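Visitor: If you scroll down you'll find the structure; I have some questions about it.
The values are calculated or read from the model by the stated rules, or taken from the named source; none is laboratory data. All of these numbers come straight from a predicted model, not from anything done at the bench. All Cβ positions, glycine included, derive from the backbone under ideal geometry; neighbour counts span all protein chains shown. Surface areas here come from the heavy atoms of the whole protein model, side chains and all, with no ligands, DNA or RNA. Shrake-Rupley method; radii C 1.70, N 1.55, O 1.52, S 1.80 Å.
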Amino acid sequence: MSNKELSKDESLALITDMIGQAKRNVAKGGSFYFLLWGWVVMMANIGHYLIAKYDWLDYPYIVWVLTIPAAIISMVHGAKRSKDAKVKSHLDRLYSQIWLAVFIGVLIILFFMANVNYNVNAIILVFAGIGTFISGQALRFSPLIMGGLALWVASVIAFNLPALDQYLVGAVGILAGYLIPGYLLRKAEK
């Protein structure tokens, strides 16, 4: 690489290219997480609702153990993606930190869920909405922005329903907030 001075146009083109590459790095494979977590959380919400509604088991929350392998798969996938990345940009780091913050927030809620009578679904929808909305803004991907809004609407509805019905609202919110945008993001990645 030479040490020649770049013109204004060359500098602008280089900066634009670097921003575009950072967005591509973040977007590439990002649908994996939305689809994985979308399916796991939607199925867990539906499973919890059905088990509790029809009294199939004494512990309907058992279906949430599905999130443990999903967390392991996410970590392995993220580590592999990070290792394979040729360049890690500021946007790459910011994107991962957003979801780390959401994860920590959800863990805190789960740790103290007895304090809110185990009724955490609406609160978790708020956090999912924050992560999805900010991800959509970072990627400038409207379906994720709309997904974040859908999760917030689902949260508002869930806060106004009995605990059992919140699981159905959670499933619909995840469908609208994670799965639909996730499939659209996967299509955009290709």
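Visitor: Chymotrypsin sites (Phe, Trp or Tyr not before Pro), restricted to the stretch 89-124: which are DSSP loop and have at most 14 other Cβ atoms within 10 Å?
Guide: Values: sites: Tyr95, Trp99, Phe103, Phe111, Phe112, Tyr118; in loops: Phe112, Tyr118.
Taking the stretch 89-124 and a limit of 14 other Cβ atoms within 10 Å, the loop chymotrypsin sites (Phe, Trp or Tyr not before Pro) found are Phe112, Tyr118.
Visitor: Give me the distance in nm between label points sitting 7 Å out from Cα along the Cα-to-Cβ direction at Ile62 and Lys187, one decimal.
Guide: Inter-label distance under the simple model: 3.9 nm.
Visitor: Convex hull volume of the Cα atoms in the chain, per residue, in Å³? Write down the numbers at each step before the final one.
Guide: Working: hull volume 24.6 nm³, N = 190.
Dividing the Cα hull volume of the chain by its residue count gives 130 Å³.
Visitor: Between rounded, prolate and oblate, where does the stretch 31-88 land on the alpha carbon gyration tensor, with a ≥ b ≥ c its root eigenvalues, rounded for a/c under 1.5, else prolate if a/b exceeds b/c? Intermediate results must be reported in sequence, preceding the final value.
Guide: Values: a/c = 7.20, a/b = 3.16, b/c = 2.28.
The shape class here is prolate.
Visitor: Among Ile68, Ile51, Ile123, which one shows the biggest mean-square fluctuation in a GNM of the chain, springs joining Cα atoms closer than 10 Å?
Guide: Ile68
Visitor: Take each complete run of DSSP H in the chain, measure how far its Cα atoms stretch along the helix's own axis, and keep only those covering 15 Å or more with mean Kyte-Doolittle hydropathy at least 1.6; list them.
Guide: Values: long enough: 8-27 (28 Å, -0.18); 30-53 (35 Å, 1.03); 67-84 (25 Å, 0.09); 90-111 (31 Å, 1.58); 121-139 (27 Å, 1.64); 142-159 (26 Å, 1.89); 163-174 (17 Å, 1.25).
Qualifying helices: 121-139, 142-159.
Visitor: Sort the stretch 87-190 into rounded, prolate or oblate with this rule: let a ≥ b ≥ c be the square roots of the eigenvalues of the Cα gyration tensor; rounded if a/c is under 1.5, and if a/c is not under 1.5, prolate when a/b is larger than b/c, oblate otherwise. Intermediate results must be reported in sequence, preceding the final value.
Guide: On the way: a/c = 2.87, a/b = 1.49, b/c = 1.93.
It is oblate, given that a/c is not under 1.5 and a/b is not larger than b/c.
Visitor: Just Asp92, Asp165, Asp55 to compare: in a GNM of the chain, with alpha carbon springs under 10 Å, which one fluctuates most?
Guide: Asp55
Visitor: Another one. Determine the sum of side-chain charges near Leu164: Lys and Arg each +1, Asp and Glu each -1, restricted to other residues whose C-beta is under 13 angstrom from that of Leu164.
Guide: So the environment of Leu164 carries a net charge of -1.
Visitor: Measure off, as a whole percent, the carbon and sulfur share of the 1.4 Å-probe accessible area of the stretch 63-172, all protein chains present.
Guide: Numbers: 4860 of 6530 Å².
Reported share for carbon and sulfur atoms: 75 percent.
Visitor: For the chain, with every protein chain kept in place, what is the accessible area per residue (1.4 Å probe, Å²)? Please report the intermediate quantities before stating the final value.
Guide: On the way: 11960 Å² over 190 residues.
Here the per-residue accessible area is 63 Å².
Visitor: Oh, and also: Restricting to lysines 8 or more places apart or on different chains, can you count the pairs in the chain with Cα atoms under 18 Å from each other?
Guide: 12
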